[in-house]
Amino acid sequence: MMNKYVVRASVVGTFIGGVVLLKDYVGGGNCPSKENIDGKTAIVTGANTGIGKETAMELAKRGGKVIMACRDMGKCEAAAKEIRGKTLNHNVFAKHLDLASIKSIKEFAKTIRNEEEHVDILINNAAVMRCPKWKTEDNFEMQFGVNHLGHFLLTNLLLEKLKKSGNSRIINVSSLAHVAGDIDFDDLNWEKKKYNTKAAYCQSKLANVLFTNELARRLQGTRVTANSLHPGVADTELGRHTGMHKSTFSSTVLAPLFWILIKSPRQAAQPSVYLAVAENLEGVSGKYFNGLKEKEPAPQALEEETARRLWEESATLVHLDDALKDCEAQ
């Protein structure tokens, strides 16, 4: 009788162990680099929760000064305090940044330029996904405005600081959704056609990759690199507008499958950490990573003329020339 229970327990244990190993495998593994970033300063947008918070946690563990740039300062301060406590790294700071506001982006960039000696890592992580037809403070479609235009302006306003800092890295968190994206230059802000939350999200994620590629081209000859990535599908607040979180079927019947296939925020943060710290990626620029592996993005993400035009259109929308002149005058 005892042998019967032992066998059953062994089978159950083996099954559970196999499931855990499968989840780890699906999760893509940890950042293979053990590199510390002592003395370096990293900025992570959208760092108060989800992938951004775990990215900030990992960078803090590696000894870096981490600036968590978030819209909700209450949540950001709480997350920064938690990270300082868990990592014993006291150089973790919360700063206000609302990517849906050009004014806020300019104020944040001015603070960084004035207060930080150098910026070595910029991780453009923040995003909104499939929200209703909302507008930013400056009347941009919310997903395009936050996911692309906000980070486009922020990056450009910090570019001189990044260049002066040496071997700096810019990481743009995109998504596999970019493969379904299309850049509609006649209606970037969805003012003419019927609003489609999914298509708008895919457009913004394609814009992330195109922006990265054009940025890398413009940075040739400098020591600053720019790469984009798909972190994987993760269990975060990003999908709160999709309805999946509210579905009884999803939360019960599909829950075990989701648990296996969907990454934890920590797992999904590993690609951003890898691109930020790995020694073997020094000098690597203009590439797209799916998880920890370099992959070729969708064909439309490789169209150089589209990338150049998107840059020009984006610069016009956010009044980039005026913003840069303001920087010089400060």
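For segment 249-330, give me every one of the helices (runs of 4 or more DSSP H) that falls completely inside it and has 1 or more residues that are modelled with pLDDT of 95 or more and more than 25 Å from Pro32 (Cα to Cα). Reasoning before the result, please.
Values: elements: 255-261, 265-277, 304-317, 320-329.
Those helices (runs of 4 or more DSSP H) span 304-317, 320-329.
Residue check: is Ala100 out of contact with any His (no Cβ under 6 Å at 6 or more places or on another chain) and either under 26 Å from His319 (Cβ atoms) or surrounded by 18 or more Cβ atoms within 10 Å (Cβ to Cβ) (or both)?
On the way: out of contact with any His (no Cβ under 6 Å at 6 or more places or on another chain): yes; either under 26 Å from His319 (Cβ atoms) or surrounded by 18 or more Cβ atoms within 10 Å (Cβ to Cβ) (or both): yes.
So Ala100 fits the description; yes.
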Seminar exercise, completed: Note on segment 274-290: residues more than 17 Å from the chain's Cα centre (by Cα) and basic (Lys, Arg) are none
Problem set entry | Subset of segment 261-278 (residues that are surrounded by fewer than 19 Cβ atoms within 10 Å (Cβ to Cβ) and within 15 Å of Gly64 (Cβ to Cβ)) | Ala278
Exercise. Does Gly85 satisfy the condition of being at pLDDT 95 or above and either closer than 17 Å to Leu158 by Cα or surrounded by fewer than 19 Cβ atoms within 10 Å (Cβ to Cβ) (or both)?
Worked result: yes
Seminar exercise, completed: Result of the Cβ filter at 7 Å on segment 73-96, keeping first residues that are acidic (Asp, Glu) and partners that are in a strand (DSSP E or B), at least 6 apart or interchain, is Glu77/Ala94
Seminar exercise, completed: Within segment 7-56, the residues that are assigned to a helix (DSSP H, G or I), farther than 30 Å from Met129 by Cα and at pLDDT 55 or above are Arg8, Ser10
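Within segment 119-154, take every residue that is charged (D, E, K, R) and touching a Ser or Thr at 6+ places or on another chain (Cβ under 9 Å) and give me the one that is surrounded by the most Cβ atoms within 10 Å (Cβ to Cβ). Give the steps one after another, and end with the answer.
The initial filter retains those residues of segment 119-154 that are charged (D, E, K, R), namely 120, 130, 133, 135, 137-138, 141.
Then keep just the ones that are touching a Ser or Thr at 6+ places or on another chain (Cβ under 9 Å); that gives 120, 130, 133, 137-138, 141.
Values: Asp120: 22, Arg130: 19, Lys133: 13, Glu137: 12, Asp138: 16, Glu141: 24.
Applying the filter and picking the extreme gives Glu141.
The values are calculated or read from the model by the stated rules, or taken from the named source; none is laboratory data. None of the values given here were measured: they were computed from a predicted structure. Note: ideal-geometry Cβ built from the backbone for every residue, glycine included; neighbour counts use all protein chains shown.
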